[in-house]
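What follows is one structure encoded as structure tokens, with my remarks underneath.
Here, each number is a calculation from the coordinates, and none is a lab measurement. Note that the structure is a prediction, hence the values are computed from the model and not measured. Because the Cβ atoms are built from the backbone with ideal geometry, glycine has one as well, and the counts that use them run over all protein chains shown.
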Amino acid sequence: MERLALLHNRLYAESTRAVLLVLQGMDASGKDGTIRNVLTGVNPQGCRIVNFRPPAGAELAHDYLWRVHAVCPAHGEIGIFNRSHYEDVVAARVRELVQEKVWKRRYEHIRGFERLLTDEGTTLLKVFLHVSRDEQARRLDERRKDPEKRWKFDPGDLADRERWPQYMRAYEDAIRETSTDWAPWYVVPADHNWARNLSVAALLVATLERLDPKLP
């Protein structure tokens, strides 16, 4: 974590490039826990964490990438998306919120959008937290029973759990269609929190080391 803090400080001081960490995964895969643990000790002034909810208000009056582009990290920042534009080719597909021809053409949009971000100085790190179905069941039950975690329990999570095969197919397609040289996907096992956190931290450090930010 000290190495991550040091590299992030240099990125923030350099202020010419940015890093965007995209976290996707099924409910209870540990997106919140990953953010909390991996970013401990990192300067909060240089971080931007966005938790995407279903679009509402002005968001519905624009294209689906409008709200995403507006909250991408500025130069010098590490941005973290807790869920992201990938909900528009996963959840929207599984829940049949859009027609097949709509979500299929979005792969090309996303590849182009991410190429734009990359060309303009943002390095993307896309991570799918892969929790098993059995471990997800245990965690959802824990949320339901633990008073300190009950606020996170959503009955809708159980409905999505019933569509597990459909979600897996949607994620497989999304990862295959949008893992590119400029914005690759990484699949991280998420049944064990320590292994998940270590893997994401190592990927983030490796990304920053490749950028090799310099102090002004």
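Grab the chain and count how many Lys pairs have their alpha-carbon atoms under 25 Å apart, sequence gap of 8 or more, or different chains.
On the way: K31/K126; K31/K145; K31/K149; K31/K152; K101/K126; K104/K126; K126/K152; K126/K214.
Close lysine pairs under the 25 Å cut-off: 8.
Show the residues, 5+ positions off or on another chain, whose built amide H is closer than 5 Å to the amide H of L125.
Amide H neighbours of L125, under 5 Å, 5+ apart: L20, L21, V22.
Separation between the L6 and V71 pseudo-spin-labels, each 7 Å from Cα along Cα→Cβ, expressed in nm?
Reported label-point gap for L6 and V71 is 3.3 nm.
Taking θ = phi - 60°, what integer Hz values does the Karplus form 6.51 cos²θ - 1.76 cosθ + 1.60 yield along region 73-81, in sequence order, with x for Gly and Pro?
Karplus values, whole Hz, x for Gly and Pro: x, 7, 4, x, 9, 9, x, 10, 9.
At R111 and V187, where each label point lies 7 Å from the Cα along Cα→Cβ, what is the point-to-point distance in nanometres?
2.0
Please work out the C-alpha center-to-center distance from region 27-106 to region 110-127 and express it in whole Å.
14
For E114, E142, E96, which order do you get if you count the other beta carbons within 10 Å of each Cβ and list the fewest first? Intermediate values should be presented prior to the final figure.
Numbers: E114 20, E142 14, E96 10.
In order of increasing Cβ crowding within 10 Å: E96, E142, E114.
What is the list of residues in region 1-45 whose amide nitrogen lies under 19 Å from a point 7 angstrom out from the Cα of R161, following Cα to Cβ?
25-33
Using amide H atoms built in the peptide plane, which far-off residues or other-chain residues are under 5 Å from V187 H to H?
When sequence neighbours closer than 5 places are left aside, the close amide H contacts are F128.
Take R133, project a point 7 Å from its Cα along the Cβ direction, then tell me which residues of region 83-102 have their backbone nitrogen under 19 Å from it.
The answer is 91, 94-95.
If each DSSP helix of 4+ residues adds -39,500 (n - 2.57) and the sum is divided by the residues in the chain, what number results at 222 nm, nearest 500 deg cm²/dmol?
Details: 9 runs with 104 residues, N = 216.
Result for the chain, helices only: -15000 deg cm²/dmol.
Sort 120-126, 191-197 for me by packing, meaning the mean count of neighbouring Cβ atoms within 10 Å per residue, highest on top.
Details: 120-126: 18.7, 191-197: 15.3.
By packing density, highest mean first, the sequence is 120-126, 191-197.
Give me the distance in nm between label points sitting 7 Å out from Cα along the Cα-to-Cβ direction at E120 and V102, one decimal.
For E120 paired with V102, the spin-label model returns 2.5 nm.
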